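The values are calculated or read from the model by the stated rules, or taken from the named source; none is laboratory data. Model, not experiment: these values are computed from the prediction. Because the Cβ atoms are built from the backbone with ideal geometry, glycine has one as well, and the counts that use them run over all protein chains shown. Calculation scope for accessible area: heavy atoms of the full protein, side chains included, ligands and nucleic acids excluded. Shrake-Rupley method; radii C 1.70, N 1.55, O 1.52, S 1.80 Å.
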Amino acid sequence: MVIIFLIIGPSIIMYSQGYRFDTKKFQFVETGGLYIKAFPEEAQLYINDKYINETSFFTKDILVQNLLPDNYNIRVEKDGYRSWEKNLEIESKKVTEAKYIILFNENIIFNSIENNVSSFYPNDNQILFLNNSNELLLYQSGEIEKILSTTQSPDNIENILFLSNENIIIKTTTGLYYLLDIPNKKTKLIRSFNIDTKNIQSRDNKLVYQFNNSIYEIDVKKDSPKLISRNKVDAFTIDNDSIIALRGNQVIKLYDLTRAEELLYPFEYYDKNSNYQIVFIEKELFIIEDNKNLYFLNKENNSFENKINAQSGLRYTPFFNKILFYDDNNIWLMPLKRYESPFFKDAYSIINIASFDKKIDIIKWLNGDYFVFTLDKKIYISEIDNRDNLNMFDLDKNNVSNLFFNGNTKKLYILNDDELLEIEKLIP
């Protein structure tokens, strides 16, 4: 009995403390765990094809303990929904997490809003769109209202800039700009703007813009420009009504002609033969060189760091302390704070989410963990968790030229061929 106790006793103690006997290593090892959280409820969890448990309406999560350290195939599924699957490593004394799982409906229904649409321009709960007859229409609260007829609408509309829910700037390919009063359905030519006007931004109900690399401010209703800086600048942006500009190898703050400029930071990467953008994204300052090289201001030492060297056409889309950067073939994630999830790194690090041999046209966040995007105009939904494979799928629309996700209503809008489509509440 003493001998049996000396053999069994320590085993019982080790078992109670989370140790298990690993037959592969032929020794006792400390176990780990798995925690998953999934939407919708009643999703089934499988580990290595073995059913483990099901989430409920009240507890949408599952904790699995005492797993031997190893790689496991994790699958979450529910009838009528696309399954989520990933190979994850379980480590000793650690809980591996996958707590942002969304199972998307297998049959996503697109509702048609309008046909013969050539382009659309979203703003919160408003969508302005042009039809093939060059009429400008407004879609809001499920209703379509004609704003400008064919004869009223400017020709060759290239882009639309929202100043508010009531006033927009219309830019044409010929370099003409118009102010549109939506409620009164009236347009006014902005005579101070022409084809050389660029980088138009709003401040205090006025517009700040570049012309011949000088900065001006204008009240478009009065159409009277005011010179902000005589000295030429490479680029500028607006931050809390302040004008932050790049001039040569210096980032400066501009006021007006009556007040001296303020030197903020040096920019040692400056090349006089390059073109620059300076932007604030989620309150962080970036400089983009030639639409491909990304520089980030490190506030700890007030210097810029080269973060991304893209091939061409670097673009970005932010979402609450996260930024997705992308070029024609690559997607990078930059977290602006440290997250506990194991697939994230330190704040301001660059994480390569995915690379494709097809062309990425546009990306929009769905929430902080999923995004919608197009590859060669075919639309997909993907997660950002790049451990193992990305769980992504296509929405069976093959000629998407634009898309917009409304974070308030959770509705997705796409322009497929010449049809404007809507998906009702795509995510929880």
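Taking packing as the residue-averaged number of other Cβ atoms within 10 angstrom, the listed peptides 413-424, 271-282 run from highest to lowest as 413-424, 271-282. Take the Cα coordinates of segment 213-317, assign each an equal point scatterer, and use the Debye formula without solvent to give log10 I(q)/I(0) at q = 0.16, 0.22, 0.23 Å⁻¹. Each listed q corresponds, in turn, to -0.73, -1.23, -1.31. In order along segment 158-175, phi translates into HN-Hα couplings of 9, 7, 10, 10, 7, 8, 7, 6, 10, 10, 9, 9, 9, 9, 10, 5, 8, x Hz, rounded to whole numbers, per the Karplus curve 6.51 cos²θ - 1.76 cosθ + 1.60 with θ = phi - 60° and x for Gly and Pro. Taking the square roots of 5 times each eigenvalue of the Cα gyration tensor of segment 185-263, largest first, gives ellipsoid semi-axes of 23, 13, 11 Å.
In segment 92-219, the portion of solvent-accessible area held by carbon and sulfur atoms comes to 39 percent [1.4 Å probe, whole percent, DNA, RNA and ligands not counted]. Here the dipole of the chain is about 820 debye; that uses its Cα centre as origin and unit charges on the Cβ of Lys and Arg (positive) and Asp and Glu (negative).
Magnitude of the charge dipole for segment 260-405, about its Cα centre and with charges confined to Cβ atoms of Lys, Arg (+1) and Asp, Glu (-1), is about 280 debye. Projected label points at ASN309 and ASN352, each 7 Å from Cα along the beta carbon direction, are separated by 1.4 nanometres.
Taking amide H positions as placed 1.01 Å from N in the peptide plane, with prolines and chain starts having none, which residues 5 or more places from ALA43, or on another chain, fall under 5 Å of its amide H? Under 5 Å from the amide H of ALA43 lie the amide H atoms of THR55, each far enough along the sequence or on another chain.
Largest GNM mean-square fluctuation across LEU45, LEU138, LEU263, computed for the chain with C-alpha springs under 10 Å, falls on LEU263.
Using a simple spin-label model with pseudo-atoms 7 Å out from Cα toward Cβ, GLU419 and ASP124 lie 3.1 nm apart. Sequence-ordered 3J(HN,Hα) estimates for segment 359-364 from the Karplus curve with 6.51, -1.76 and 1.60 and θ = phi - 60° stand at 7, 7, 9, 7, 10, 9 Hz, glycine and proline given as x.
Measuring from centroid to centroid over Cα atoms, what is the spacing of segment 282-341 and segment 126-153 in Å? Cα centres, segment 282-341 to segment 126-153: 35 Å. As a length-normalised measure over Cα pairs under 8 Å and 6 or more apart, the relative contact order of the chain settles at 9 percent.
Computed over segment 268-370, the range of Cα coordinates on each principal axis works out to 40, 36, 18 Å, biggest value leading. For segment 119-213, what is the accessible area per residue in Å², given a 1.4 Å probe and the full set of protein chains? Computed with neighbouring chains in place, this is 51 Å² per residue. Summing charges over neighbours of VAL233, with a neighbour being any other residue whose Cβ is under 12 Å away from its Cβ, gives +3 when K and R count +1 and D and E count -1. Translational D (Stokes-Einstein, µm²/s) of the chain at 25 °C and 0.890 mPa s when Rh comes from the Kirkwood sum over C-alpha pairs? Approximately 97 µm²/s, per Stokes-Einstein.
Projecting the Cα atoms of LEU395, PRO266, PRO318 onto the charge dipole of the chain (Cβ charges, centred on the Cα centre) puts PRO266 farthest toward the positive pole. For segment 222-283, with all protein chains in place and a probe radius of 1.4 Å, 40% of the accessible heavy-atom surface sits on carbon or sulfur. The apolar share of the surface of segment 318-428, taken as the fraction of accessible area on carbon and sulfur atoms (1.4 Å probe, ligands and nucleic acids excluded), comes to 43 percent. On the basis of the beta-carbon distance and an R0 of 25 Å, SER133 and ASN107 show a calculated FRET efficiency of 0.15.
Note on the chain: with a GNM built from Cα contacts shorter than 10 Å, the maximum mean-square fluctuation among PRO318, PRO183, PRO266 falls on PRO183. Calculated accessible area for segment 274-428 comes out at 42 Å² per residue, all protein chains present (probe 1.4 Å; ligands, DNA, RNA ignored). Mean residue ellipticity, 222 nm, helices only, the chain: the sum of -39500 (n - 2.57) across DSSP H runs of n ≥ 4, divided by residue count and rounded to 500, is -1000 deg cm²/dmol.
In straight-distance terms, cross-link reach from LYS146 covers every one of the lysines whose alpha-carbon lies under 20 Å from its own, apart from those fewer than eight places away in the same chain; here that gives LYS171, LYS185, LYS186, LYS188.
Shape of segment 337-402 from its Cα gyration tensor (a ≥ b ≥ c, root eigenvalues): rounded if a/c is under 1.5, otherwise prolate when a/b > b/c, or oblate? Prolate is the answer for segment 337-402, as a/c is 1.5 or above and a/b outweighs b/c. As a calculated quantity, the FRET efficiency between ASN399 and SER92 at R0 = 45 Å, using C-beta atoms, amounts to about 0.35.
One equal scatterer on each Cα of segment 112-214, no solvent, Debye formula: the resulting log10 I(q)/I(0) at q = 0.12, 0.15, 0.22, 0.24 Å⁻¹ is -0.40, -0.61, -1.24, -1.43.
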